[in-house]
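A.B. asks: I have a structure I would like to understand better, so I am pasting it below and will then ask my questions one at a time.
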Amino acid sequence: MSDDHTHVQEFFGARAAHWDSRFPDDGPAYAAAVAALGLCAGDRVLDAGCGTGRALPPLRAAVGASGVVVGADLTPAMLEAAVRAGRDRAGWLLLTDVAALPLRSGSLDAVFAAGLVAHLAHPAENLRELRRVVRPGGALALFHPVGRAALAARQGRRLTPDDLRAEANLRPLLAGSGWRMTSYTDEDDRFLALAVRED
Ligand SMILES: C[S@@+](CC[C@H](N)C(=O)[O-])C[C@H]1O[C@@H](n2cnc3c(N)ncnc32)[C@H](O)[C@@H]1O
């Protein structure tokens, strides 16, 4: 177990039981972000860092019964909370690091990742692993239900120019990992960057 894993598991393990009750009104924002991915019936999609699985029901609704929905997370307590909430009915849950996914290359149509990218130990490498499992032309959504400034204020910190999710930093980070950013939104009530896997 690496220090990176231990830190993530301790941090989110302590928050898992109350995660959903802290953010009870986020459902429509998740549904809208999933809609922006443009999934079709029968598509195969990964929720990377799925936590308690808040995105799994809208992802399942988007791909239908013939689609495949997989939620992957490193923190057992988050996945246990997902099961308690019945979200394992919407998708398969995998206890795994997104840095090394037990999924075949090119096997997915899209990856949805909410609140994940700022927690990645090695963002460039980890985004490249997400690319590996997506087919060429497949999509990536990096989402957060509040924008960067609102999140920084909530956490009592200042936004700095080196912020990973700033457009000027995220675009080259994604490009270096094989993703072409196609849209970028950073508003008070939504952060959403969409990207497409380059061949
Ligand atoms: C801010 S929470 C967001 C959870 C969920 N996506 C949501 O929107 O409610 C970040 C989640 O990412 C998970 N995580 C962080 N680093 C990870 C990694 N390398 N591999 C898998 N999951 C990771 C954490 O365990 C945590 O559940």
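A.B. asks: Any chance you could check the Cα centroid distance between the range 179-196 and the range 1-44 for me, in angstrom?
C.D. replies: 17
A.B. asks: If you don't mind, there's one more thing I want to ask. Explain nothing, just compute: Karplus ³J(HN,Hα) = 6.51 cos²θ - 1.76 cosθ + 1.60, θ = phi - 60°, for every residue of the range 102-108 in order, whole Hz, x for Gly and Pro.
C.D. replies: Once rounded to whole Hz, the list reads x, 10, 6, 4, x, 8, 10.
A.B. asks: Can you list residues whose amide H is under 5 Å from Gly67's amide H, if they're 5+ apart or on another chain and H is modeled 1.01 Å from N?
C.D. replies: Those qualifying (amide H under 5 Å, at least 5 residues apart or on another chain) are Gly42.
A.B. asks: Summing +1 for each Lys or Arg and -1 for each Asp or Glu, what net charge is found among the other residues whose Cβ lies under 14 Å from the Cβ of Val98?
C.D. replies: Local charge sum for Val98: -3.
A.B. asks: Evaluate E = 1/(1 + (r/R0)^6) for Asp162 and Arg89, where r is the Cβ-Cβ distance and R0 equals 41 Å; express this FRET efficiency to the nearest 0.05.
C.D. replies: 0.50
A.B. asks: What's the local net charge at His122, with K and R +1, D and E -1, over the other residues with C-beta under 13 Å away?
C.D. replies: -4
A.B. asks: Could you quote the convex hull projected area for the chain, Cα atoms only and averaged over all directions, in nm²?
C.D. replies: Value for the chain: 10.2 nm².
A.B. asks: Let me ask something else. I need the phi-derived Karplus couplings for the range 122-128: 6.51 cos²θ - 1.76 cosθ + 1.60, θ = phi - 60°, integer Hz, Gly and Pro marked x.
C.D. replies: 9, x, 4, 5, 5, 5, 5
A.B. asks: Taking amide H positions as placed 1.01 Å from N in the peptide plane, with prolines and chain starts having none, which residues 5 or more places from Phe112, or on another chain, fall under 5 Å of its amide H?
C.D. replies: Hits under the 5 Å cutoff: Leu46, Asp47, Ala48, Ala141.
A.B. asks: Provide Trp92, Trp179 in ascending order of the number of other Cβ atoms located within 10 Å of each residue's Cβ, fewest first.
C.D. replies: Fewest to most other Cβ atoms nearby, the residues stand as Trp92, Trp179.
A.B. asks: When a/c reaches 1.5 or more, the comparison of a/b and b/c decides; with that in mind, is the range 1-69 rounded, prolate or oblate per its Cα gyration tensor?
C.D. replies: Oblate, because a/c is 1.5 or more while a/b does not exceed b/c.
A.B. asks: Then there is this: Karplus couplings for the range 21-32 from phi (6.51 cos²θ - 1.76 cosθ + 1.60, θ = phi - 60°), rounded to Hz, Gly and Pro as x?
C.D. replies: Each residue of the range 21-32 in turn: 6, 6, 10, x, 9, 7, x, x, 5, 5, 4, 5 Hz.
A.B. asks: Suppose the chain between His7 and Asp25 were pulled fully straight at 0.36 nm per residue; how much longer would it get relative to their current alpha carbon spacing?
C.D. replies: Taking His7 through Asp25 to full extension adds about 3.7 nm, to one decimal.
A.B. asks: When the helix-only estimate is applied to the chain (DSSP H runs of n ≥ 4, each -39,500 (n - 2.57), divided by the residue count), what is the mean residue ellipticity at 222 nm, nearest 500 deg cm²/dmol?
C.D. replies: After summing the helix terms and dividing by the residues of the chain, the value is -9500 deg cm²/dmol.
A.B. asks: Calculate the translational D of the range 97-173 in whole µm² s⁻¹ from Stokes-Einstein, where the hydrodynamic radius comes from the Kirkwood formula applied to all Cα pairs, the temperature is 37 °C and the viscosity 0.692 mPa s.
C.D. replies: Rounded, D is 241 µm²/s.
A.B. asks: Check Leu94: other-chain or 5+ apart residues with amide H under 5 Å from its amide H, H built from backbone geometry?
C.D. replies: Residues meeting the amide H criterion: Gly71, Ala72, Asp73.
Read the figures in this text as sums done on the coordinates, not as results from a lab. Here the structure is a predicted model, which means the values were calculated and not measured. As a convention, Cβ positions derive from the backbone with ideal geometry for all residues, glycine included, and neighbour counts pool all protein chains shown.
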